[in-house]
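Inspection log for the structure reproduced underneath, given as C-alpha cells.
The values are calculated or read from the model by the stated rules, or taken from the named source; none is laboratory data. As the structure is a computational prediction, the values presented were derived from the model and not from experiment. FYI the Cβ positions are ideal-geometry reconstructions off the backbone, even for glycines, and counts take in every protein chain you see. For the accessible areas, the whole protein counts, side chains as well, though only heavy atoms, and no ligand, DNA or RNA atoms are used. Shrake-Rupley method; radii C 1.70, N 1.55, O 1.52, S 1.80 Å.
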Amino acid sequence: MITRDFYVILLFFCTSILWSQTFTVSGDIKDEGGIPIAYSNILILKSQDSTIVSGTTSDEDGKFVLNELSTGSYILKASFISYEDNIKNITVTNNLELPTIILKESVEALSEVELVYRKPTLKRETDRLVFNVEKSALSEGNLMDVLQNTPGVLVLDQSITVKGSTPIVYINDRRVHISSSEIVELLQGTSASNIKSVEVITNPPARYDAESGVVLNIVMSKNLVSGYNGSVFSNATQGVFFKTNHGMTNYFKGKNISFFANYSYNKRKVNREDDETIQFPAEFWKSFVDRNTWSETHNFSANFDWDLTDKSTLILSANTQFLPYYKRNTKSDTDVSPGGDLALSRFNSFNLSKDKKDNLGFDVDFIQRFEKGARLLVNTHYTTYDYRRNQNVATDYFSGNSSLLLNNTFRTRSDQETEIITSQIDFTTPIDDSSNFEIGAKISNVETSSGIDHFDIVSGTETLNGSNTDFFKYDEKVYAGYISYDKSWEKWNLSTGIRLEQTNIEGVSQSTNETNKQDYLEWFPTFNLGHQVSEKVNIYVNYKRSIKRPNYSELNPFRYYLNDNTYVNGNPELKPYFTDNYKLGISIGNVFEISTYYKKYKNNIFEIPFQDNVNNNIAYTSVNINHTEEIGLDLEAYFDVVKRWNVYLGTSFYKYEDNATLFNNTFNKGRWSNYSIFQNNFSFLKDNSLTVNFNITYIHKNVQGLQDVDTTIFSELAIKKSMFKGKGILSLSLSDLFNEQNFFVVTELFEPGNPNYQRNTSYKDLDDRYFRLGFRYKFGNTKLSTNERSSSVDERDRLGNKH
C-alpha cells in the first residue's frame, strides 16, 4: 500500500531534480556592420541585486556559451572597449539561444576620450580604513603607486610605515611573506589594474597572526571572464647613482583554471653617507662613513587556481627572490682627538662584503564553500632561505705625523639557512543574516642554523680566531587557535575574538655551549564596537593585544665586526614584546575622523649603540627595555577641494616615552611630537588621463629607543599620463623635493664624568633624493582582472639581515 509519505517523498525528489537542473545560454556578438566582435565580455547578473553569477568572453567568431545556469531571471550584460554596453533581461527555464547581440560604437570612442575614471573613496569601519580605488586613475599604475596614495600610509625608498609602525602586508587576505625591502620591489613590479581597495586594518581580527599589529590588505578584484592579458614595464631612477627596474606580468583564465606569473629584475647602486661622533672618556672620535652597495635581484611569483567544482578551489602559489650579486663597499675615515705627533690621531677602514641570497616560498591552499556562505580554508606553507656573506676588512692606524702605527686585517664568512613549515585551517559560517562565527588553528615550525668563521690575516696568512667564531641553532614552534564573532544591529556593530598561542623556543650556541629556552602561553583578545549615532556620525572603540618576536638574526650570539672598533652583537636572551592598544574615535560622514589612543609596549625591542669606554669600541646591540608608553590625538580629513583636486590631511599629536634598565640604572626618556601627512591628488585634461600626486609628510623631533631623532620632512611628486587608448602609462616621480629627508640621531645616557657616560651621534644622508621615469604597456584582453596574490606567513618577515 502506497502511503501519503511516499507521495511526499516522490514530490520532494522530483522537485529536487527540477531545481538541481542547470542550463546553457548561448549567442553571438557583432557590431553595427555585422562584423563579429572577438573577446567581448559577457556577464550574467542576478535580477534582484545585480550580483555577478557567471561570465565569459566571445571567441574569434564572436560566439559565446554560458554553462550551468539555474532556472531564474537574470540580467545579461555584453561589453567591449570603445562600445556601449548592451544590457537585457533574460529568463532561463531551459537551454536558451539568444538573437545576435549588437554593440554600438560609443559616442566617446577611445580615439577621442581614452579613459573615464572613478574617484577613489574612503570608508571608515570599526577596525579599519577602506580606500576604494577600483577603476580609478590610481589603478593604472603599480601596487606601490596605490600604497603611496593611501591615506595614512608612508612609503620611503625601501620601507612602508603607518604612522611610524611597520605594517604587515597582505594581498587578498594572504600575507606577503618576504622582507620589507623585498615587498617594495614586488609591489613596484606588479600592475594595479585589477585592484579593488586597500584596507588599513589598525585593529586586525583574531584570524590574523598575533604579530599583526597593523595590517595593509590589498584586495584584488575577482575575474569571471576568460582570456589572456599581461603587461611589460621599465623604470629608470637617477639618485646619486643610476638604478633600473624591468619586468612583466602574464595572466590567463580559462573555464576552470587561472594562472598568474610576475617577474621583475632590479639593478641598483645605492649611496649612503654618515657623519658620526663618539665621546669616550679620554678621546673624541669623528668619522665620515661612505657606503656604496651594488645589487642585482630577480623576483618571480606565480599563482595557479583550479576550480575543482563550483564550490571547491585548489590554489598553488610561489613567491621567490634570487640575489646572485650583492656587493657593499664601506670606507670610513676617523679623526681621534686630542691625538699627538706620536699618538693615535686617525685611522681608515675599508670593508668589502659580497652576499648571495635565495628566498623561496611555496603555498598550497584548498577552499571549500558550503551552503549559506560557510567556507573552509586549508593552507600549507614552506620556505627555504639561504644566505651567504663573505667580508674582508682592513684598517690602518696613523699618528699625528702621519706615520703608520698599525695595520689590522681580517676576513669573515657568515651563513644562515632557514626552513619554515606552517599549516593553517580556518572555518567561517554565518549564524544568521547579521552575524558570523569563525574558528581556526595554525601550527608553525622554524629551524634556522647560523654560523660565522672569523680569520685574522697577518702577512697574508689566515688564522682562525676561535673567540669570534661561532655556530648557532634555533628552533621555534608555535601552536595557535582562535575563535571570532561579529554581529550587526540596526545602529550597532560588534566584532570580537580571542587568539591563543603556545610558543616553544630553543637556541643553542656552540661557543658558549649554552642552551636558551623560552616556553610561554599567551592570550590575544580583539574587540571592536561601533555605534551609528546618526546617518553621518559613527562612534567606535577598539582594543587589541599583539606580540612581536625578535628577528632570527637578532638572536644570534655572534659578534659581527664591521671594522676593528664597531660590531653588531646578537642577543640570544631577547624576549618578544607585547602591545596593548586602546582607541576611541568618531567618524563624520567618511570625511572627518577624530580619535584618541593609548599604547603600552612591554619588553619593547630596540637596537642601541653601546660604548665600551675601556676598549673604545661601540656595539650595536638589540635589547629589551622595560616598556614604552604612547598616548595621542589623531585628526584626519579626506575630501574634494574641487572636482579634480582631492586631499587627505592627517595630523597626530602624541607623547612617546621609553623606560629602560641599563647598567643597573633606570632611564626614562620621552617627549611630545607631531606626525602630519598632506596628500594631494589632481587630474587634468578632458579624459582625466593626466594625473598628479603631491605628498608631504612631517615628523617632528621624537624619541625612539632612548635615542633622540631629529625632525624630517618627506616629499614626493608623481606625474602619470595615459596613452595609446589606455594601454600605455608614462610616469615621472621626484622624491625629497626639499632635501629634508636626512636625519640626525643622538644617543646619550648618564651624565658627563660618569665612567659609563654614553654619547654618540649619527647624521644619516640617504640616497632617497631622486627622479624616476617609467613606462608600462598592457596587452591582451585588458578588461581582465588577475588572480594575482602573494602568499606569506609571519615567520618569513623575521628572516632579514639588518647590517
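Points to keep in mind about this one:
- Complete set of residues in the range 646-660 that are open to solvent by less than 10 Å² (accessible area, probe 1.4 Å) and more than 30 Å from Lys686 (Cβ to Cβ): Gly650, Ser652, Asp658, Ala660
- Residue count for the range 532-558, restricted to those that are within 30 Å of Gln518 (Cβ to Cβ) and either assigned to a helix (DSSP H, G or I) or touching a His at 6+ places or on another chain (Cβ under 8 Å) (or both): 4
- Of the criteria (1) open to solvent by 70 Å² or more (accessible area, probe 1.4 Å); (2) assigned to a strand (DSSP E or B); (3) under 30 Å from Val458 (Cβ atoms), which one Leu352 fails: (1)
- The range 331-360 - residue that is modelled with pLDDT under 90 and not aliphatic (A, V, I, L, M) and, of those, nearest to the chain's Cα centre (by Cα): Gly339
- Residue list for the range 608-645, restricted to those being free of Cβ contacts under 8 Å to residues at least 40 places away in the same chain, open to solvent by less than 70 Å² (accessible area, probe 1.4 Å) and farther than 27 Å from Ser595 by Cβ: Asp612
- When Asn407, Asn392, Asn401 are screened for being surrounded by 15 or more Cβ atoms within 10 Å (Cβ to Cβ) and out of contact with any helix residue (DSSP H, G or I) (no Cβ under 9 Å at 6 or more places or on another chain), only Asn392 passes.
- The single residue among Ser495, Ser449, Ser467 that is open to solvent by 20 Å² or more (accessible area, probe 1.4 Å), more than 30 Å from Lys372 (Cα to Cα), polar (S, T, N, Q) and assigned to a strand (DSSP E or B) turns out to be Ser449.
- Lone unmet requirement of (1) assigned to a strand (DSSP E or B); (2) hydrophobic (A, V, I, L, M, F, W, C); (3) open to solvent by less than 50 Å² (accessible area, probe 1.4 Å) for Phe527: (3)
- Considering residues of the range 669-709 that are in a loop (DSSP other than H, G, I, E, B) and farther than 30 Å from Val745 by Cα only, the residue modelled with the highest pLDDT: Leu685
- Of all residues in the range 28-53 being at positive phi and touching a residue at least 12 places away in the same chain (Cβ under 8 Å), the one that is most open to solvent (accessible area, probe 1.4 Å): Tyr39
- Here Phe653 clears all of (1) without any contact (Cβ under 8 Å) to a residue 24 or more places away in the chain; (2) out of contact with any Leu (no Cβ under 7 Å at 6 or more places or on another chain) except the condition numbered (2).
- Close pairs from the range 277-290: first among the small types (Gly, Ala, Ser), partner crowded, with 16+ Cβ neighbours inside 10 Å and assigned to a strand (DSSP E or B), Cβ under 6 Å, at least 6 apart: Ser287/Glu276; Ser287/Ser332; Ser287/Thr334
- The selection criterion, being open to solvent by less than 20 Å² (accessible area, probe 1.4 Å), touching an Asp or Glu at 6+ places or on another chain (Cβ under 9 Å) and more than 29 Å from Gln518 (Cα to Cα), does not hold for Gly570.
- Residue ID - farthest from Asn256 (Cα to Cα), chosen from residues in the range 58-71 that are open to solvent by less than 20 Å² (accessible area, probe 1.4 Å) and not aromatic (Phe, Trp, Tyr): Gly62
- Count of the range 18-62 residues which are in a strand (DSSP E or B) and under 19 Å from Asp85 (Cβ atoms): 19
- Residue within the range 473-482 that is surrounded by fewer than 17 Cβ atoms within 10 Å (Cβ to Cβ) and hydrophobic (A, V, I, L, M, F, W, C) present: no
- When the criteria are applied in full, Asp519 meets the requirement of being charged (D, E, K, R), surrounded by fewer than 17 Cβ atoms within 10 Å (Cβ to Cβ) and in a strand (DSSP E or B).
- Hey, Phe347 touching a residue at least 12 places away in the same chain (Cβ under 8 Å) and open to solvent by 50 Å² or more (accessible area, probe 1.4 Å) or not: no
- Taking every residue in the range 669-695 that is of a type in the set (Gly, Ala, Ser) and open to solvent by 20 Å² or more (accessible area, probe 1.4 Å) and pairing it with any residue that is modelled with pLDDT under 95 and not in a strand (DSSP E or B), at least 6 positions away or on another chain, the pairs with Cβ-Cβ distances below 8 Å are Ser683/Tyr117; Ser683/Ala137; Ser683/Arg644.
- In the range 133-164, the residues that are at pLDDT below 65 and open to solvent by less than 10 Å² (accessible area, probe 1.4 Å): Ser136, Ser139, Gly141
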